[in-house]
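The structure appears below as structure tokens.
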Amino acid sequence: MKKNILLWTGAALLAFLLLAAAAGPYLPFIDRNLEEVRFRMENGHLIKAPYEISWRSPLGSSKFGVDNLSRIVVGARETLAIVFGVSLLRYALGVPLGLLAGRRKGFSHLLLVWLNRLFSSMPALLMTVLLAAVPFFLFSPGRLYWMIGIMALVETGRVGYIVQQHTAALSQESYMEAGRALGLRRLRMFKAYYIPALLPDLIVNFCLDLGKVLILIGQLGVLTVYLNPGSAEAGLNNEFEFVNTAHDWGSMISDQIPDLNVGRFGSILVPVFAIVYAVLAFNFLGEGLRRHFNGIGRVK
Amino acid sequence: MSIIALDERSPPILLKSMFRSFLIALSVFVVVALVVLIPRDFTVSVTPQYWIVPDGSLNWQAYGENIRGYVHSAIEHRTLGVTRYGEPAEPVVWAAFKISLPVILGALLAGFVLGIPKGMLDYALSRTRFALLGGGTTWLMQALPDFFLLLLARWYVIHYQGSHIRFFAQTGWESFVIPTVLASIYPIFYVARVTSSSIAGQEGLMYVKTARAKGMPESIVFGRHIMSNSLARVFTHIMPLGVYILSSLLLIEYLRNVPGASYRAFQAIDYNKVTASGGNVEPGVLIGTAFCFMLLVLVFQAVGYLARRRVSAR
């Protein structure tokens, strides 16, 4: 009896993550309102934020006195929602494109090649930042939705390419030929022949892509590019500064980036480790599912 | 990351596909230029409660003027544009590209030189109880976010070292070695995974069985038969690998504060959360950088194509 350890590990890690996102904010030691406690009394001394790691703040706090653990837990829901949104949209666009381009000719094939060429000459991360900086997206009240769309678009070509490769390989199979010989229509071919055969690979790749999207969110965080419409705060000389009002993990990184320049790594590593944890969960699950579908890890 | 297959084609079809490739490149270029030239102006209004409300809706007329003005000055002055400091963009792009190019090539080379042996090791260990040490580490290193490794490297080099390595060095050996090591982490494990899976794919094929049946020593079967065919597959991955390195370069340069091609392009985007004028976008630099990247990707494509033909012809 050989169990699929990867699958169970991945499922357990993800279940914990989802549980933390769903029920975490209601736990007694989580500050749901993310209050900024700039000073607090400890053993008769007045202590200024950021607070050291202690029982009162297990992961320390930001320099404004927001508890790091609370922010991770409260931000989990938002982060996961963005990640799933981007991945779903990416697959909703990429899978049909890849299916249609399966014959390696025609308009959809050209579009796919074109998309991939576009994002190789302007790497996906740079392109995302470039579009994020356009005032139309930057100041739009629906910025988060635009950003989800942009993040989905920049890697649609890659998803489409993978689907196209599989479709092209599948079309050589003899049962596909049988389907064509029966004179089935294209839509029916896709629905009854291609998609069931592609589904295992799609599910595996979808899991791995969840990790990739989360990494992209983290990268944008390191570059201090916000996903959410921040509120504008007045500064001097008629200028204004964007202030982050969201709690997703990427923006938590970007809030701590200034600390990096003065050599404080403590707080920034908290959201980074949260992202690493979630990415590993998605990857374990994806790899476990791959083994499951290949029959390697099945109980014999 | 984009992956484009290199299929072996006969010369006339190759010529046609090269022409098509050129057309695609040209249209990509136009689109990059169009995105870059979107006007960055916006209006700000203040409500009676002193809320500042920026309005960034797209002004089509300004957009048209922007494009017309850019094309006009590009033709008249024969330049891609000027930077925010008034210099012509081309030398600036070239200077930035020269900083990044050794790193890109070094990371690519390191990826193949170290990744192939690692892949062979992974395959050798895959049947033993040390499989986790081989394929497991490869898998783990591929899954980890790049910024996690970068931040750890920066933290380690700055805080815990006795050898006085300069993390932010722009000259000297560190200026090449540090970014190359950081950029080559992913490629090494990517190549290792591709190598071990393509070796596994050769296992049990007819020509391998024939060679073994003829009584050839295992070293020759592995070295001459299996590896030469596996390497062909590995080298076709040079292009996706190159594209990955190009896109991973931004964070490496950003966290090291080195104005290489990617970071210079990032600066040219002029994304700034403190918005005063917002007019420092440098279209020339962005278009020039995209051009350099595109050329580099074409070179990768050609190298992958040649390498594949050479290895498979043997």
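The values are calculated or read from the model by the stated rules, or taken from the named source; none is laboratory data. Worth saying up front: this structure is predicted, and the values here are computed from it rather than measured. Every residue, glycine as well, gets a Cβ built from its backbone with ideal geometry; the counts of neighbours run over all protein chains shown.
Taking the stretch A:102-187 as the region of interest, the helices (runs of 4 or more DSSP H) fully inside it that hold 1 or more residues being in contact (Cβ under 8 Å) with a residue 24 or more places away in the chain are A:107-121, A:124-132, A:143-154, A:156-170. When A:184, A:97 are checked against the criterion of being closer than 19 Å to residue B:24 by Cβ, away from every other protein chain (no Cβ under 13 Å) and of a type in the set (A, V, I, L, M), A:97 stands alone in meeting it.
Counted as qualifying within the stretch B:211-299 are the helices (runs of 4 or more DSSP H) with 3 or more residues that are within 13 Å of the chain's Cα centre (by Cα) and among the small types (Gly, Ala, Ser), namely B:238-256.
Let's see how each residue does on (1) surrounded by fewer than 11 Cβ atoms within 10 Å (Cβ to Cβ); (2) modelled with pLDDT of 75 or more; (3) out of contact with any strand residue (DSSP E or B) (no Cβ under 9 Å at 6 or more places or on another chain):
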{"position": "B:6", "(1), (2), (3)": "no, no, yes"}
{"position": "B:16", "(1), (2), (3)": "no, yes, yes"}
{"position": "B:35", "(1), (2), (3)": "no, yes, yes"}
{"position": "B:55", "(1), (2), (3)": "no, yes, no"}
{"position": "B:64", "(1), (2), (3)": "no, yes, yes"}
{"position": "B:69", "(1), (2), (3)": "no, yes, yes"}
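Taken over the stretch B:288-303, the criterion of being buried (at least 21 other Cβ atoms within 10 Å of the Cβ) and modelled with pLDDT under 85 is satisfied by no residue.
Selection of the stretch A:256-269 for residues being assigned to a helix (DSSP H, G or I), surrounded by 13 or more Cβ atoms within 10 Å (Cβ to Cβ) and out of contact with any Ser or Thr (no Cβ under 7 Å at 6 or more places or on another chain) yields A:260, A:266, A:268, A:269. Cβ contacts < 6 Å: first residue farther than 26 Å from residue B:303 by Cβ, restricted to the stretch B:218-233; second residue of a type outside the set (Asp, Glu), any location; separation 6+ or different chain. Result? These pairs meet every condition: B:221/B:211; B:221/B:212.
Remark: residue B:149 falls outside the filter, which requires a residue to be within 14 Å of chain A (Cβ to nearest Cβ) and in a loop (DSSP other than H, G, I, E, B).
For residue A:220, state whether it is surrounded by 19 or more Cβ atoms within 10 Å (Cβ to Cβ) and either of a type outside the set (Lys, Arg) or more than 26 Å from residue A:105 (Cα to Cα) (or both). Yes: the conditions hold for residue A:220.
When residues in the stretch B:28-61 are screened for being free of Cβ contacts under 8 Å to residues at least 24 places away in the same chain and either of a type in the set (A, V, I, L, M) or at the interface with chain A (Cβ under 7 Å from one of its Cβ atoms) (or both), 11 of them pass.
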